[in-house]
1. Looking at the structure I just gave you, is Asn563 at pLDDT below 95 and not in a helix (DSSP H, G or I)?
2. Among the residues of segment 140-163, is any surrounded by fewer than 17 Cβ atoms within 10 Å (Cβ to Cβ), modelled with pLDDT of 95 or more and more than 29 Å from Thr22 (Cα to Cα)?
3. Does any residue of segment 410-417 turn out to be under 27 Å from Gly654 (Cα atoms), among the charged types (D, E, K, R) and assigned to a helix (DSSP H, G or I)?
4. Can you tell me which residues in segment 42-70 are surrounded by 21 or more Cβ atoms within 10 Å (Cβ to Cβ) and in a loop (DSSP other than H, G, I, E, B)?
5. I need every pair where a residue in segment 604-626 that is in the same structural domain as Val701 (by TED's automatic domain parsing) has its Cβ under 7 Å from the Cβ of a residue that is among the basic types (Lys, Arg) and assigned to a helix (DSSP H, G or I), sequence separation at least 6 or different chains.
6. Kindly indicate whether Leu479 is in contact with a strand residue (DSSP E or B) (Cβ under 6 Å, 6 or more places away or on another chain) and under 24 Å from Gly355 (Cα atoms).
7. Would you confirm whether or not segment 529-546 contains a residue that is surrounded by 22 or more Cβ atoms within 10 Å (Cβ to Cβ), modelled with pLDDT of 95 or more and not β-branched (Val, Ile, Thr)?
8. Based on this model, can you work out whether Tyr10 counts as assigned to a helix (DSSP H, G or I), in contact (Cβ under 8 Å) with a residue 12 or more places away in the chain and hydroxyl-bearing (Ser, Thr, Tyr)?
Amino acid sequence: MAITLGAQYYRPPFPRSDHWETDLAAMKEAGLNTVQLWLVWGWIEAVPGTFRYDDYDRLVELAGRNDLRVVLSTIAAVHPYWIHREVPDSEMITNMGAKVISTNRREIHYGITPGGCLDHPGVAERMRAFLKTTAERYAGIPYVSGWDVWNELRWNVHADGLVCYCDHTVRGFHEWLEEKYGDLDGLNRAWERRYGAWDEVVPGKRPGRVYTEMMAFEEFLMHRSVEHAKERYRIVKAANPGKPVTVHGGKPTVLYGSDAYGGENPSTALHRGNDWGFAEEIDGVGTSSFPVWENIDHADFMARIDFVRAAAEANGKALWLSELQGGRSADGFNPQHAVSAAVQQRWIWSGLAAGADTVLFWCWRDEIFGRESGGFGIIGADGRAEERTEALARTGAVLTGYDPILSAYRLPGAQIGIWFSPRGYFHSWCEDGDASRPMRALQGVARVCIRSSFPYTIVEEDHLEALRGLKVLFMPRGLVVDDPASDALAAFVDAGGTLVVESEAGAFGANGVYRYPHERFLATRFGITEVGRRPLPADVVPIAVGGETRFLPATQWATPYENGSLSQEIAYGKGRVIALGLYCAEAYYAGSRETEGSFAAAAGEYERFVSAIVESAGVDRAARIVEAYSDAPLAHLRIGYAGKTPVVYVIAEGPRRALTIEVSDPKLAAALQGGVIDLLTRRSMTMRDRLIVIPPSEWGVTVLVPGSAA
């Protein structure tokens, strides 16, 4: 099927019906091929057992009349007002034992959140009925092309405390523990406890307390969200077997480390589930992205997409940009910035370069509810609507004209991996009330890879098949490591891989218990032992690796090794381990977003350090941008294939910047030798001495294919 380019339209009762006919015609004229509609449970079943779809029926019919496909989003987390009357004692319970009072969702006109607890059998039964009735109603319509069954994976909005600690959820926690550990004796052995009965095993209460039970409860909540998403998927898929059924988060799983305990919606790390778990069964995973609103620069935006892509491609599933910022953001009376056509087009084409097959904007018209009033509309009143719709129409024409190439585009397997440990996030949340430290460290390594145009992937600790084909694995802030992960890491190095770790790798188990240095996997597997924590000597620390001394940014503390140095490099089997007694990736991430100071000065040195490791590990790079350097605006390559046809995406954060590409891969060079064409402008270019000069572009986007293919 052709690439989906669409926009969210209906969040009842907005837009009002007098706009519908002209708006859907205008969406088609603007180059969009799809409209997305929110099917809100609280709105549809306002009276128990009575389902009203009259407004949706008309919108779906109008979409078909305008040759628009339809994606339907089931908003089952906005409950009907009657839920607690019809299902008594279904309220969520906070960690302090308080019953949660549900309220109107701040950005939705009708329906309450958080509503009833998902673990209450009565709530679950009512929700299933809504999903089944809705899925069956629209199953026979051919241009209803897909479903998104869980919007941003929200289940605890407006709970005003950590949830849920009701009897149903605690019972589910005990059942999950029993399945995981076999019985209470197995739990006691793993946790080094002496529990005598299951009712003694109480979920952790808050950060700063004992790690063990809190880490376990965080993992259970993540697992619970995955299983709930899969149930939604099965219900809708049963009625729509030939159509994609997806879910999406407000952020990728990797970025759910910064949900603070003390914020408006207190929550634990990864409480909305795990993209790798979703993609095991669900047809696709996606993410919302509001780069201007959330001050996300383009390197971080590309990383954001990559984090979801890694989960999707590990399971052969689709990648969606499920909510992409359409126009000026709105957050009450705070000043907001307009969205230019150029930056929006870079978002679209970056998503396609990363392998997305669906881009859905939030939204077509400016919002009218609460703090989001007056924002996000592609045709919104921020003075840039005309340029955005004109640019979208041009992109829509390119997607249609070159669909055989663009739809078939696939990225080759990466040879660089970055370790992602949900249990490391749980541990960090228990200590700090969020998991920003490991999250920023992971983002730091990803940022280097993007700025250097190194293809990479994310290796999630329970999906270790992703290690196959890698030549180097970075493990920033890998504090929690247990078997079988340590077995897989040792096998990876023994087979020829390069493993790069930071301070106190494997210092904790998933049970939250600290290990002495000689007990950690680095010592037991590779003979690398730290001697303990020491004050950090400076923000920038000289490190000798590979015969060179580099001045790397660092944070928190230093942990020297037995030889007295802050780094070790040892051979093991056919591979090697590079160990740093510092936390550099997290410090680099902070410094790379600064313009002055010691961290900013050391950011380029860290990029060169990572690049040297990658190159010494024998990682293949098909091409590079010659002008790329550490303090320049992002210039990035993505190279994939549509069958045997290479497709080279060139993304430049400074759109008026000329670039030169140097091609090193013989296969790619041979395919481009006869000349290349930019699909967006139809400009021809020639490769000389394996160099291609890319002239400045209006949007900072160039999509190259061999001239013979276009």
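1. On the way: at pLDDT below 95: yes; not in a helix (DSSP H, G or I): yes.
Yes; evaluated as a whole, the condition is true for this residue.
2. Looking through segment 140-163, none of the residues is surrounded by fewer than 17 Cβ atoms within 10 Å (Cβ to Cβ), modelled with pLDDT of 95 or more and more than 29 Å from Thr22 (Cα to Cα).
3. No: zero hits.
4. Glu45, Leu68
5. Hits for this filter: zero, empty list.
6. Working: in contact with a strand residue (DSSP E or B) (Cβ under 6 Å, 6 or more places away or on another chain): yes; under 24 Å from Gly355 (Cα atoms): no.
So Leu479 fails the test.
7. Yes, segment 529-546 has at least one match.
8. Details: assigned to a helix (DSSP H, G or I): no; in contact (Cβ under 8 Å) with a residue 12 or more places away in the chain: yes; hydroxyl-bearing (Ser, Thr, Tyr): yes.
Here the answer is no, as Tyr10 does not meet what is asked.
The values are calculated or read from the model by the stated rules, or taken from the named source; none is laboratory data. Source: prediction; values computed, not measured. Glycine also receives a Cβ, built like all others from the backbone with ideal geometry; neighbour counts cover every protein chain displayed.
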